[in-house]
Amino acid sequence: MGDRLSRLERTASIVIPPACREEVLGDLHERNTTSLQYVLDAVRTVPLVIASRIRRTWDGKLFAMYAVSLYGSFLFGRVLEPGRLLQAAIPSAAALIILALDEAYAEGPSVSVLGRLRRPAFVCIAALIIRGNILGLIWALVIQALFHVPTKLRRGPI
């Protein structure tokens, strides 16, 4: 039983953001005695933990700048025809979701632009943008370099 629970804990630790992993795993371990209880509790708890972490790391002004620059980049990468406006919005929305998740799962503040380039989000966004327009990647890097405040330096409710 204990081995099975430890495997479940290892699995849950993969999807829980690192900043709150230890506390959430401890709570799950204390509240549940069987594997089924653990799985059901984790399925209810982990999405709420991820949403809470996104809320804590969310910077609306920064993401608005990302949204405008990414959408504009995808839009200029395509010919302006009816129906193309939505085609530019879909990869832009995907890139914004990736950025929000990247901030939530960041283990620590990455101060340098090169440090942020190594994060998985920029690899995904680069793949999206290269398919559409390299200008979006350039704008995302410029915004990161000029306006990004590392998560631990932000003030606000915890």
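The values are calculated or read from the model by the stated rules, or taken from the named source; none is laboratory data. Values in this document were obtained by computation on a predicted structure and should not be read as measured data. Because the Cβ atoms are built from the backbone with ideal geometry, glycine has one as well, and the counts that use them run over all protein chains shown.
Of all residues assigned to the range 95-105, at least one qualifies as being assigned to a helix (DSSP H, G or I), under 15 Å from residue 141 (Cβ atoms), at pLDDT 70 or above and among the β-branched types (Val, Ile, Thr). The set of residues in the range 41-59 that are out of contact with any Leu (no Cβ under 8 Å at 6 or more places or on another chain), free of Cβ contacts under 8 Å to residues at least 60 places away in the same chain and of a type in the set (S, T, N, Q) contains only 52.
Residue 73 - would you say it is in the same structural domain as residue 143 (by TED's automatic domain parsing), touching a residue at least 24 places away in the same chain (Cβ under 8 Å), on the phi < 0 side of the Ramachandran plot and not aliphatic (A, V, I, L, M)? Taking the combined requirement at face value, the residue satisfies it.
Criterion applied to 56, 4 was being basic (Lys, Arg), at pLDDT below 90 and surrounded by 14 or more Cβ atoms within 10 Å (Cβ to Cβ), and the one residue passing it is 56. The requirement of being touching a His at 6+ places or on another chain (Cβ under 9 Å) and buried (at least 16 other Cβ atoms within 10 Å of the Cβ) is fulfilled nowhere in the range 44-52; no residue meets it.
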